Structure formats: structure tokens, C-alpha cells
Amino acid sequence: MTTTTILPVGAAYIEAVSAATKEPAWLTNVRLEALELAGRLELPKYEKTRVDKWNISQYGQYNTEAAVASFDQLPESVKGLIKTEDASNLIVQRNASVVFSQLSEELAQQGVIFKDLHVAATEHAELVQKHLFSVIKKDENLVTALHAAAFTGGIFLYVPKNVQVEVPLQALFMHDQEDAAFSPHVLIVAEANSSVTYVDHSANTTSTSAIVRNIAIEVVVQAGAKVTVASVNDLAANVTELTFRRAEVAQDGQVNWIIGEMNAGNSATDTTSILRGNGSESDAKVICVGSNDQKLSITTQAIHWGKNTNSDMVTRAAMRDEATAIINGVTKIEKGATYANGEQTERVLMLSPKARGDANPMLLIDEDEVKAGHAASVGQVNENQLYYLMSRGISREQAQKLIIYGFLAPIVTAIPIAALEAQLSEVVERKLGQ
Amino acid sequence: MSKVQFTIDNLQASIANKEILKGVNITINGGEVHAIMGPNGTGKSTLASVIMGHPSYEVTGGAIQLDGEDVLDMEVDERARAGLFLAMQYPSEITGVTNADFLRSALNARREEGNDISLIKFIRQMESKMKSLEMDPQFMHRYLNEGFSGGEKKRNEILQMAMLEPRLCILDEIDSGLDIDALRIVSEGVNAMKSEDRGFLIITHYQRLLNYIQPDFVHVMMQGRIVKSGGPELAERLENEGYDWIKEELGIVDERVGVEEEFQVPMNTVAPKY
């Protein structure tokens with residue numbers, strides 16, 4: 001039996017995006033190929049989560065937002081979201097388009113590229129073409145294909161070999177028009193022995209109609225390079241998020257993820273590290289807070305191909321109200337990845353009798369000479385801890401807050417920019433305090 | 001501040017329907033140090049937990065009053081704000097909450113809203129108290145009790161007591177797991193807090209601690225009751241002679257309380273053969 005899938009975007013939409021962004025023909029062709037694939041591909045398999053029942057068909061309207069020349073010209077609503085002491089390395093995307101992009105002279109001279117992906121596709125066509133969709137491939141499933149076909153805006157970050165970028169590069173993805181398309185693509189390429197920290201923050205400043213954000217972050221970590229990606233996602237309840245974040249790590253390379261899944265709407269996110277080269281490493285720290293009736297599918301994966309590869313994954317989720325979270329941790333060790341070591345921990349704190357949280361650790365191991373471990377727990381606020389705090393005069397409510405916040409704190413404090421860490425704390429507090 | 005008066009009147013309490021406290025009476029006035037001694041399993045720690053309001057215990061009779069107020073009517077946090085403090089034998093470890101954040105919350109809980117303690121003042125106070133307890137200042141920013149050694153936990157309990165300045169301090173086996181140096185430091189911390197505004201109830205089963213903290217009254221607990229009271233000389237006699245003479249005097253065979261009867265294998269039975 002054949003079924004005809006009605007795709008949320010069509011060729012006309014893609015051609016309009018291509019024309020508006022003046023992207024090169026090769027990129028338009030990639031989009032059209034992806035669209036064709038989308039017609040044949042299925043949704044990825046999400047454990048115990050019926051993503052097909054979610055609203056995943058509203059990709060929004062494509063509009064070009066006016067670019068601004070300086071930081072001061074950004075709207076106040078945007079500036080209010082940029083909690084930083086230093087905006088010298090910053091990209092701001094508003095709805096579907098990048099409106100502001102700035103890189104310090106010093107980094108530019110070292111050959112670092114940090115700019116609008118559409119612009120980079122023309123100015124650095126060879127580099128972008130080589131790496132775009134090389135880690136998250138357009139033919140994997142319906143979500144990746146639609147993303148490749150319909151992505152709007154995004155970032156190209158390139159660090160040449162041996163360049164150490166000491167300051168974090170920041171991006172803000174903000175949505176302030178209710179039906180605007182909002183599916184950026186972030187491509188990070190760190191050449192051999194380079195290092196860089198990329199930090200992004202996604203937020204709405206106004207209410208929105210039902211919309212899908214299909215965002216992808218792909219990271220190419222070449223030999224001996226080190227990349228840290230920190231991402232705080234704080235989108236409104238009407239936004240359905242489908243996210244793939246993935247790094248492919250070459251020999252002795254390293255990727256670190258610090259992710260705050262703070263969206264108010266349904267979200268299915270997958271953060272994967274492919275440890276391709278010998279001696280490569282990954283570390284993933286994820287927190288999420290579920291509230292109201294939102295549904296979350298939070299997956300972290302480490303795929304070991306290289307020998308002597310190390311991975312560590314920690315996910316902590318606090319679930320309120322009637323929220324549901326399926327927390328998956330996958331450690332896969334392929335045949336030949338001798339002396340690999342993969343550790344993972346998933347902890348879910350249930351704050352309401354109607355909330356639901358499943359922790360599913362999976363160890364898939366095809367090699368004998370390896371180490372792997374997992375720990376998972378689902379529980380409530382510990383009564384002895386409550387008693388202890390209360391015995392010092394702290395009210396039950398305040399004690400509960402301290403314990404829940406403490407449960408998430410080890411990940412919040414790992415955020416590499418103090419201002420963003422403060423912002424994440426604020427979001428956590430807001431989500432827990434409603 | 002006025003002189004403290006703390007009374008426990010015929011207190012009875014049970015856990016999981018097993019009666020542990022069978023009518024305890026003590027009166028502690030400001031400036032007094034009372035020690036409760038006794039072998040393991042006689043109800044000493046239960047008494048401390050019941051005074052503080054541990055949720056696992058049920059009070060089945062009697063009364064506790066602090067300065068004329070009914071303690072049993074209060075929630076755990078209200079008891080603390082009223083002036084009770086229990087230095088626990090096994091303090092909880094709480095990840096993600098730093099010692100400083102925790103103590104500041106506890107101090108602010110005693111103040112009116114909008115009148116929080118200033119950060120500078122708080123840090124100065126905490127640093128000076130930590131110094132007198134010979135604690136590494138970095139413990140301020142460590143997660144509450146997480147990864148602390150037994151001795152570090154005990155010092156941290158005394159640090160909290162010094163910061164919160166309670167009216168009645170209960171120390172539950174504060175000496176267990178302490179080496180001589182730590183014992184000296186902890187005792188000095190306690191002695192420095194002695195005042196007419198404050199009473200102490202010290203639970204221990206070793207006389208050793210009482211060489212450092214001189215008690216005014218010593219009570220011996222057995223079978224969920226105070227079976228003998230006296231002055232400091234009673235502790236010395238216990239140190240020299242143990243508890244057997246008291247058991248003999250009172251005709252007590254098993255001093256413990258709430259212990260399950262051990263299952264005795266009936267005679268003339270043989271283990272099944274497979």
C-alpha cells in the first residue's frame with residue numbers, strides 16, 4: 001500500500017526562501033532534493049512518544065526581517081534577552097532571518113568565520129557545501145529531510161586549525177511574530193587542534209500561533225579539536241520543537257554539550273555524539289523541567305566507533321503538573337571500539353502525582369573489551385532531606401524549592417557564560433514557580 | 001532575651017505502632033546542660049527526633065513546651081524558628097544546595113520578608129564561625145554535607161547551631177565518629193555558646209564527651225524511660241562501672257525498647273532436607 005504524505009512545505013515555499021535569502025543554486029538544489037526525500041521518508045522512531053499526534057505540520061510563514069547595522073539598533077525586546085557583558089561575538093536571528101551578526105576583528109583575522117549561514121553559503125561555498133548535512137543527513141527521516149528542505153536562517157561557525165577561541169560565541173534565536181517560520185540550522189566546523197565554545201538561547205517575546213521549530217545543530221570536530229555547545233531553549237507552549245543536535249568527533253577530539261530543555265510546548269530532542277576517531281571523547285549534560293500537560297522526548301546518545309573512546313551523559317528532569325517525559329540514554333559501542341568507556345545517568349524527579357517520567361537507559365554493546373555503566377532513577381523529593389532543611393527553620397515550600405533547584409544545579413552551573421547561567425536559573429525558577 | 005524553659009512531660013511516642021518512648025520527663029532551664037546517657041537501643045535518639053518532629057514518629061501522649069508554647073502543635077520548621085535545634089547523628093546530604101545558600105535561607109526564614117540578611121554581613125559571620133570551628137572556608141561553597149567525612153558533617157552541624165543561635169540545643173551523638181582533635185573543637189564550639197538564654201540536651205553513650213562539655217544533670221535512659229537522674233558524678237560512675245549496676249538495682253534484664261523478639265528455633269526440629 002502506498003500512502004501520499006502531505007508535506008508541510010512545498011517547492012514554491014522553498015523557492016521563495018531561496019530567492020529572498022539570495023542563496024546559491026547548489027543550496028536550493030539541496031533543498032529540493034531534500035523535499036523529494038521528505039515525500040518518501042517516515043518520522044523517526046521516538047520511544048513511547050506519539051510525536052505523530054503532535055502538531056508537526058505548521059512550519060509558519062517565511063518573511064525577511066530587516067537587518068540592523070549595530071547592536072544598539074536592535075529592538076529593546078531583543079536586547080532584553082541578550083544577557084551578556086560582551087556582545088562583540090554575537091548573532092541574532094529574528095523569526096526566519098539573521099538580523100545582526102558581529103565577530104571581533106581579532107577572531108576574524110585568525111580566520112574564524114561566524115555568520116549567517118545563507119551568507120556563508122555564498123561567501124564560503126566550498127566549506128559550507130562540504131560540511132552542510134554531512135553529520136545530520138537529509139535522507140535519514142522525515143524530520144531531517146524537512147529540515148534540510150525548509151530551514152530558515154542559521155549560523156556557520158568555522159574555526160581554522162590550531163586556533164583557540166577563548167571567548168564564547170553567542171547566538172540568540174528569537175521569535176516575535178506569531179506565525180513566522182523559525183527553523184534555523186547551525187553548522188559548526190572546528191578544524192584540527194582548534195577549540196571553541198558556542199552558546200545559544202532561544203526564546204519567544206510574544207505569544208505565538210501553533211508552530212513547529214525544526215532546528216538542527218551539526219558539529220564537525222576534527223582531530224584534536226574541542227567544541228563546547230551550550231543551548232538554552234525557552235519557547236512558548238504553542239511551539240512544537242523537533243531537534244537534532246549531533247557531533248561527529250575525529251581522533252582525540254572532544255565535544256561537550258550543556259542543554260537546558262525549558263520549552264513550554266511538546267519537544268522531541270536528540271543530542272548525539274558520534275565518537276568516530278580513536279581517543280575521542282564526549283560529555284553531555286541535559287536538564288529539563290516539564291510543566292502543564294507538555295510532552296517531552298529527550299534522547300542523548302553516544303556512539304562509539306573509535307578505540308579508547310570515552311563518553312559521559314547525564315540527564316536530569318523535574319516533572320510538574322501533568323507533564324510527561326521519556327528520557328532515553330543510548331550508549332552504543334560498535335564492534336572494534338576496544339577499550340571504549342561509556343557512562344550514563346538519567347534522573348527524574350516527580351513533583352506531582354499526575355506527572356510521568358520514564359528513564360530508559362540503553363547499552364548496546366558489540367565489543368567485548370569495553371567498560372560501560374548506567375544509573376537511572378525516578379523518584380520524589382526525599383522526605384529525610386525535607387525534614388533536615390525544615391529542622392533549620394526553612395518552610396516546607398522553600399525546602400522543596402531548594403532540593404529541586406539543587407537537583408538541577410550541577411548542570412545549570414556548567415553553562416560557560418555566567419550571564420546565560422543566570423538566565424537559565426531564572427527560567428528554571430520561573431518554570432518551577434508557576 | 002529571657003531565660004529559657006523547656007519541659008517534657010510524660011512523653012510517649014511510637015514508630016510503626018511500636019511504642020519507643022514510654023513516659024519521659026525532663027525540665028531544662030536556661031544555662032543548664034543536661035546529658036542523656038544509656039546503652040544503644042534505649043530510645044535516646046528517638047527522643048531527639050520526636051522533640052524535633054521527625055515525620056516517622058507518632059506522639060501518643062504527653063506534652064512538650066518551650067517557653068510555655070506547645071511544641072507538639074508545631075510543624076518541624078516552626079519548632080526550629082521557635083528556637084529548637086537538633087544537631088543530627090546522620091545529617092542528610094543535599095546535592096546542588098551549597099552550605100552558604102542553605103544557611104542563608106535558614107537565617108532569612110527567621111526574618112521578616114523583605115528584611116533579608118545582607119550578603120556581606122552573612123559571609124563575615126559565617127567565615128568567623130567556620131574559623132573558630134577550624135573548618136576550611138571552601139566548605140561554604142560545597143554542596144550541603146555531600147562528600148563530607150563523618151567529622152566534617154558533625155562540625156557542620158555545630159556551625160549551623162552557632163549561626164542560628166537556638167534557645168534549646170539538642171546534640172544527638174555528636175561525638176560518634178570524631179577523633180580527639182575534632183571532639184575538642186566541637187566541644188569548644190558548644191561551650192562557647194553556653195548562656196543563660198540557652199539550654200542544652202546532650203545525648204551520648206560515651207562519658208568521653210562529658211569530659212569536654214561539663215553537664216549539670218545526667219539522666220540514664222532505659223526501656224524508653226529515664227530510669228535514673230543525678231549530677232556529673234553519675235556520669236563518672238557509669239564510666240567506671242558501666243550500666244549493669246543500674247540494671248541490677250532496678251531489676252532490668254533487657255534495657256532495650258521496641259526490639260523484635262528474636263526468632264527461636266524450636267527444639268527438636270531439623271532443617272528440611274532437599
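The values are calculated or read from the model by the stated rules, or taken from the named source; none is laboratory data. Only a predicted model underlies this, so the values are computations on that prediction, with no experimental measurement involved. Cβ placement follows ideal geometry from the backbone for every residue including glycine, while neighbour counts extend to all protein chains displayed.
Screening region B:132-249 for strands (runs of 3 or more DSSP E) wholly inside it with 1 or more residues that are away from chain A (no Cβ under 14 Å) and farther than 30 Å from A:Leu402 by Cβ returns the ranges B:217-222, B:225-230. Examine region A:32-55 for a residue that is buried (at least 19 other Cβ atoms within 10 Å of the Cβ), of a type in the set (Gly, Ala, Ser) and either in contact with a Leu (Cβ under 7 Å, 6 or more places away or on another chain) or at positive phi (or both), and state whether such a residue exists. So far as region A:32-55 goes, yes, one or more of its residues are buried (at least 19 other Cβ atoms within 10 Å of the Cβ), of a type in the set (Gly, Ala, Ser) and either in contact with a Leu (Cβ under 7 Å, 6 or more places away or on another chain) or at positive phi (or both). If you go through region A:373-397 and pick out every residue that is small (Gly, Ala, Ser), touching a residue at least 12 places away in the same chain (Cβ under 8 Å) and either more than 26 Å from A:Asn360 (Cα to Cα) or at the interface with chain B (Cβ under 7 Å from one of its Cβ atoms) (or both), you end up with 0. Looking at B:Pro91, is it in contact with an Asp or Glu (Cβ under 7 Å, 6 or more places away or on another chain), within 14 Å of chain A (Cβ to nearest Cβ), within 21 Å of B:Ile203 (Cβ to Cβ) and surrounded by fewer than 17 Cβ atoms within 10 Å (Cβ to Cβ)? Taking the combined requirement at face value, the residue does not satisfy it. If you go through region B:124-154 and keep only what is hydroxyl-bearing (Ser, Thr, Tyr) and surrounded by fewer than 19 Cβ atoms within 10 Å (Cβ to Cβ), you end up with B:Ser128, B:Ser132, B:Ser149. Tally up the residues in region A:398-417 that are out of contact with any Leu (no Cβ under 8 Å at 6 or more places or on another chain), more than 8 Å from chain B (Cβ to nearest Cβ) and in contact (Cβ under 8 Å) with a residue 60 or more places away in the chain, please. So the count comes out to 4.
Find the residue count for region B:42-58, including only residues that are more than 10 Å from chain A (Cβ to nearest Cβ) and crowded, with 17+ Cβ neighbours inside 10 Å.
10
The single condition among (1) facing another protein chain (nearest Cβ under 8 Å); (2) of a type outside the set (S, T, N, Q); (3) assigned to a loop (DSSP other than H, G, I, E, B) that B:Val97 does not meet is (3). Among the residues of region A:147-157, those identified as touching a Lys or Arg at 6+ places or on another chain (Cβ under 9 Å) and on the phi < 0 side of the Ramachandran plot are A:His147, A:Ala148, A:Ala149, A:Ala150, A:Phe151, A:Ile155, A:Phe156, A:Leu157.
Residues considered: B:Glu75, B:Glu112. Of these, the only one that is without any contact (Cβ under 8 Å) to a residue 12 or more places away in the chain and within 14 Å of chain A (Cβ to nearest Cβ) is B:Glu112.
Please verify whether region B:14-33 includes one or more residues that are under 21 Å from A:Val381 (Cα atoms), surrounded by fewer than 23 Cβ atoms within 10 Å (Cβ to Cβ) and out of contact with any Phe, Trp or Tyr (no Cβ under 8 Å at 6 or more places or on another chain). No, the conditions are met nowhere in region B:14-33. Could you tell me whether A:Gln164 is modelled with pLDDT of 95 or more and more than 21 Å from the chain's Cα centre (by Cα)? So A:Gln164 fits the description; yes. Could you check, for region A:423-434, whether at least one of its residues is under 30 Å from A:Gln251 (Cβ atoms), more than 9 Å from chain B (Cβ to nearest Cβ) and not aromatic (Phe, Trp, Tyr)? Within region A:423-434, not a single residue is under 30 Å from A:Gln251 (Cβ atoms), more than 9 Å from chain B (Cβ to nearest Cβ) and not aromatic (Phe, Trp, Tyr). The set of residues in region B:125-138 being touching a helix residue (DSSP H, G or I) at 6+ places or on another chain (Cβ under 6 Å) and in contact (Cβ under 8 Å) with a residue 40 or more places away in the chain consists of B:Leu133, B:Glu134. Residues in region A:330-347 that are more than 15 Å from A:Asn310 (Cα to Cα) and buried (at least 24 other Cβ atoms within 10 Å of the Cβ): 1 in all.
Residues in region A:91-138 that are under 24 Å from A:Glu65 (Cα atoms) and among the small types (Gly, Ala, Ser): A:Ala96, A:Ser97, A:Ser101, A:Ser104, A:Ala120, A:Ala121, A:Ala125.
Residues of region B:139-151 being under 26 Å from A:Leu408 (Cβ atoms) and in contact with a helix residue (DSSP H, G or I) (Cβ under 9 Å, 6 or more places away or on another chain), which ones? Passing the criteria: B:Phe139, B:Met140, B:His141, B:Arg142, B:Tyr143, B:Leu144, B:Asn145, B:Phe148.
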